[in-house]
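Reviewing the structure listed below.
The values are calculated or read from the model by the stated rules, or taken from the named source; none is laboratory data. Note that this is a predicted model, so its numbers are computed, not measured. Positions of Cβ are backbone-derived with ideal geometry, glycine not excepted, and every protein chain shown enters the neighbour counts.
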Amino acid sequence: MKQSQKKFFHIVDLDGNIDKQGAVVHCNPASCHVTVEFFSWIDGRPNGRKTFAESEMQKWRFYESEATWRNAGDKVFA
């Protein structure tokens, strides 16, 4: 994952439903760890950060732009 790109994501549960949403805020290629910021479903505000190993993020859905990410989330609730 390139550190210079801000990537947005959805984490899906075992049933394929979106469970969490957020954006990558820092990527450390040396340690293969990524820090993400989660966003609230209610008001879209940031509501926490967490660091993950890249291997934990293999099944997450990543989007190249905020618009694409928002559109994918909107389809879930349409």
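Of note:
- Of the strands (runs of 3 or more DSSP E) contained entirely in region 10-78, those carrying at least 1 residues that are in contact with a helix residue (DSSP H, G or I) (Cβ under 8 Å, 6 or more places away or on another chain) fall at 18-28, 33-39, 61-63.
- Candidates in region 26-50 are the residues that are of a type in the set (A, V, I, L, M) and at pLDDT below 95; of these, the one that is surrounded by the most Cβ atoms within 10 Å (Cβ to Cβ) is 42.
- Region 7-24: number of residues that are of a type outside the set (Gly, Ala, Ser) and surrounded by 14 or more Cβ atoms within 10 Å (Cβ to Cβ): 10
- Yes/no for residue 53 being over 23 Å from residue 70 (Cα atoms) and modelled with pLDDT of 95 or more: yes
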